[in-house]
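The values are calculated or read from the model by the stated rules, or taken from the named source; none is laboratory data. What you see is a predicted model, and the numbers here were worked out from it, not measured in a lab. Using ideal geometry, Cβ is built from the backbone for each residue, glycine included, and neighbour counts are taken over all protein chains shown.
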Amino acid sequence: MSGVYRRSAVRSDMPMTYYRKNKEWRERFMGKKFLVAFDDSENAIRAVEFLANTFAPEHRVTLFSVLQDTAALCDMNSPELTPYFQQQQQSFCTLEEKKKSLLTSALEQAKDILIRAGFSEENIDIKLDFKSKGVARDIVIEAANGYDLIVLGRRGVSGIREFFFGSVSQKVLHSAGNVSILVIN
């Protein structure tokens, strides 16, 4: 098993396998389906850049983002709404549309990174889903649809929020089951 390193993950009893960047390592993941958990953070872009620079371009890559479903709030027009919410509703909906626009732009940027690295456009999918069970669980549910590897950035939340709620990458690591995970720092 030349080129393979094993060690235990920090705070986990699951073994991790590290491959050197050589022929054996590339063949291990040849022709696979990769799920890139993507938000518009710098870490997500770094994860895409790592994937583009490390793996052969024959793979299928899905750039996957989970959005809050705010359409119901934006379409709500009821006299029972508090006057404060009615005043702020338009601002809230405008902000949500702006966030979606920024995410879509970042996804296109990520797709361009992959294309410049030699990935064919036919092998790159962009998928936006509305949050149903939570971001991490939605990523794991999507990964169960035949993906071989989940790629995600290490963190996209603040330190305080991570302390109380945990990071998405940490939650995915603990619940992904039989799918390999690559967390990019």
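Annotation note: of S65, S91, S101, S41, the sole residue that is loosely packed, with under 10 Cβ neighbours inside 10 Å and at pLDDT 70 or above is S91.
Table: residues versus (1) under 25 Å from L173 (Cα atoms); (2) touching an Asp or Glu at 6+ places or on another chain (Cβ under 9 Å).
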| site | (1), (2) |
| --- | --- |
| L107 | yes, yes |
| D112 | no, no |
| F130 | yes, yes |
| Y147 | yes, no |
| R154 | yes, no |
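Filtering the range 31-49 to residues that are in contact with a Leu (Cβ under 9 Å, 6 or more places away or on another chain) and not small (G, A, S) leaves K32, K33, F34, L35, V36, F38, D39, D40, N43, V48.
Return the only residue of E49, E24 being part of a helix (DSSP H, G or I) and at pLDDT below 90. Give the derivation first.
Numbers: E49 fails: at pLDDT below 90.
From the options E49, E24, the qualifying one is E24.
Checked against (1) modelled with pLDDT of 80 or more; (2) among the polar types (S, T, N, Q); (3) crowded, with 19+ Cβ neighbours inside 10 Å, S180 passes all but condition (3). Checking the structure you have, find out if any residue of the range 69-82 is at pLDDT 90 or above and among the polar types (S, T, N, Q). Checked against the condition, which is being at pLDDT 90 or above and among the polar types (S, T, N, Q), the range 69-82 yields no hits at all.
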